[in-house]
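Trainee: One structure is given below, represented as structure tokens, and several questions about it will come after.
The values are calculated or read from the model by the stated rules, or taken from the named source; none is laboratory data. These numbers were taken from a predicted model, which means no experiment stands behind them. With ideal geometry, Cβ positions are generated from the backbone for all residues, glycine too; neighbour counts draw on all protein chains shown.
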Amino acid sequence: MIEVKGVSKSFGSNQVLKDISFDVKEGEVVVLVGPSGSGKSTLLRCINFLEEFQAGEILVDGAAVGYSGGTSGPSRRRQSEADVANLRTKAGMVFQNYNLFPHKTAIENVMMGPVLVNKDSKADARAHGLELLAKVGLKDRADHFPSQLSGGQQQRVAIARALAMRPKVMLFDEVTSALDPELVDEVLKTLRDLSNEGMTMIIVTHEMQFARDVADRLLFFYQGAIIEDGPPAEVFANPKTERFQTFVKRFQANSHRG
Amino acid sequence: MDVAILNLGYLLKAAIVTLEMAAATVVFSFLLGTALGVFAALGGTAVRSVLTVYVYIVRGVPVLVLIFIAYFGLPRMGLDAPNYVAATIALVIYFAAFVADIVRGSILAVPKTTVEAGMSIGLRKAQILTQIQLPLGMRLALPPLVTTASIAVKSTSYASIVGVWELTYASREVVERTLAAFQIFFAVMLIYFCICYPISLGATYLQRRLKTS
């Protein structure tokens, strides 16, 4: 469903992604973990082409993301704005800070993509939107503005907004990091429900317990490269690298303190 | 105040000319300024630098000088514009620069992350502009735009210098006739206030309606 092939990206002289390759199969839930600045969020943003990348290729549902004409070299070109916009609808993105449209109600946020991009009728978009809000447990908040909702509720509206485009995959970028601890569970529950329905998902997270529970596969990023890759139970039981052991230990120490 | 009341009809007639010039100045400078501001916010460096130069020039020139240039310059360019048209053109050019600067800044103040959310659901650039950047940016722009509109209304009084018969010009006529400078100018002050105050009221109403919380 998603193929990442030899993707490299630099910000100036700082290489943040070093020749990253991995595949995500349909229905698979892949969790990306790693220290801040290790490149996991950047990679997720590349998949939705919110970041450019200098070399390599990303395919979502068989279609190349962002560039045509090869993985590098002079024939490599940016795709047209229309192609990029069209491609983005295949992958639903959910951000750390929800990024809802503050001047639109919850249901208007959810309807915007279907109405403006897919040219669905308002009635159809509304009906589907209300279904999705019901699914994330917010049907009675449909006509609230984002400022009238809690962080957890806003994040669930953001998930419904992404689902409204009927994406093939969902990308979650530290979606619980900005939430108060007591609001984290309601968002994680929504993610669990989605994975149970067979949605293909890539999740960047710092929630280690959640990663162990929900992921089919765990990738550990360190300094722009993947240094652990496998089912979470296996990676946690027999880590190949010392880096991962230190990383996990630090998390356990933190969670004991908290 | 008898003098002022006696001449009120004459002053109000002149106030209508002021009102017309003010309306034309505000409408055209806001249309032109918004268009320029949008171009500057979204356009490349070339567009941006042209606008920056325009804004800097206008900021550094008094309105009155600009009105003189339009008044004496337009006929030399072969355009035989009446004095009130020349003055209004100068006012539009002057205030469009401030509007453009305000609109540009407000669009750029819309968080990049909100724009990215629009991109991620597949919106095109034009849709992001009309659905996200303009509605949110204009909410931020409203207070400084109201200030600019009020200043623009009051700046129509400069047109009296090139002989436009509007409120300030008419008030000087009445003062010369009656020698009651204080009473007449006090009345004129109230008339200007009555023109400007509704703008603030309207803006407060708009702001309350557009509030999202």
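Trainee: Could you please find all residues in the range A:198-234 being touching a Lys or Arg at 6+ places or on another chain (Cβ under 9 Å) and part of a helix (DSSP H, G or I)?
Mentor: Once the filter is applied, which keeps residues that are touching a Lys or Arg at 6+ places or on another chain (Cβ under 9 Å) and part of a helix (DSSP H, G or I), the range A:198-234 yields A:210, A:213, A:214, A:232, A:233.
Trainee: Within the range A:57-81, can you find the residues that are on the phi > 0 side of the Ramachandran plot and in contact with a Leu (Cβ under 8 Å, 6 or more places away or on another chain)?
Mentor: If the condition is that a residue be on the phi > 0 side of the Ramachandran plot and in contact with a Leu (Cβ under 8 Å, 6 or more places away or on another chain), then A:66 is the only one that fits.
Trainee: Would you mention how many residues in the range A:37-83 are within 13 Å of chain B (Cβ to nearest Cβ), more than 17 Å from residue A:10 (Cβ to Cβ) and surrounded by fewer than 22 Cβ atoms within 10 Å (Cβ to Cβ)?
Mentor: Number satisfying all stated conditions: 4.
Trainee: Another question, if that's okay. Could you tell me how many of the residues in the range B:110-129 are at the interface with chain A (Cβ under 7 Å from one of its Cβ atoms) and either of a type in the set (S, T, N, Q) or in contact with a Phe, Trp or Tyr (Cβ under 9 Å, 6 or more places away or on another chain) (or both)?
Mentor: Number satisfying all stated conditions: 7.
Trainee: Sticking with this one: Going through A:161, A:126 one at a time, which residue ends up being outside the structural domain of residue A:19 (by TED's automatic domain parsing), among the charged types (D, E, K, R) and crowded, with 21+ Cβ neighbours inside 10 Å?
Mentor: A:161
Trainee: Do you know which residues across the range B:130-155 are in contact with a helix residue (DSSP H, G or I) (Cβ under 9 Å, 6 or more places away or on another chain) and within 12 Å of chain A (Cβ to nearest Cβ)?
Mentor: Of everything in the range B:130-155, those that are in contact with a helix residue (DSSP H, G or I) (Cβ under 9 Å, 6 or more places away or on another chain) and within 12 Å of chain A (Cβ to nearest Cβ) turn out to be B:131, B:132, B:133, B:134, B:135, B:136, B:137, B:138, B:139, B:140.
Trainee: Can I ask one more? For the range A:133-154, which positions are within 12 Å of another protein chain (Cβ to nearest Cβ) and surrounded by 18 or more Cβ atoms within 10 Å (Cβ to Cβ)?
Mentor: Selection gives A:145, A:146, A:149, A:154.
Trainee: Now for a separate question. In this structure, does residue A:94 turn out to be more than 8 Å from chain B (Cβ to nearest Cβ), within 16 Å of the chain's Cα centre (by Cα) and within 22 Å of residue A:220 (Cα to Cα)?
Mentor: Here the answer is yes, as residue A:94 does meet what is asked.
A quick yes/no check of all residues on (1) more than 19 Å from residue B:132 (Cα to Cα); (2) at pLDDT below 95:
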residue	(1), (2)
A:116	no, no
A:127	yes, no
A:152	yes, yes
A:158	no, no
A:178	yes, yes
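Trainee: I would also like to ask the following. Among the candidates B:132, B:195, B:191, B:199, which residue alone is within 30 Å of residue A:51 (Cβ to Cβ) and either among the aliphatic types (A, V, I, L, M) or not in a helix (DSSP H, G or I) (or both)?
Mentor: One residue alone meets the criteria, B:132.
Trainee: Inspect all residues belonging to the range A:171-186 and state whether any of them is more than 23 Å from residue A:95 (Cβ to Cβ), outside any strand (DSSP E or B) and not aromatic (Phe, Trp, Tyr).
Mentor: Looking through the range A:171-186, none of the residues is more than 23 Å from residue A:95 (Cβ to Cβ), outside any strand (DSSP E or B) and not aromatic (Phe, Trp, Tyr).
Trainee: Anything in the range A:11-51 that is closer than 20 Å to residue A:64 by Cα, assigned to a strand (DSSP E or B) and not aliphatic (A, V, I, L, M)? List them, or say none.
Mentor: Those that are closer than 20 Å to residue A:64 by Cα, assigned to a strand (DSSP E or B) and not aliphatic (A, V, I, L, M): A:18, A:19, A:21, A:22, A:23.
Trainee: Of the residues in the range A:99-128, how many are in a loop (DSSP other than H, G, I, E, B), under 17 Å from residue A:157 (Cβ atoms) and either more than 12 Å from chain B (Cβ to nearest Cβ) or in contact with a Leu (Cβ under 9 Å, 6 or more places away or on another chain) (or both)?
Mentor: 4
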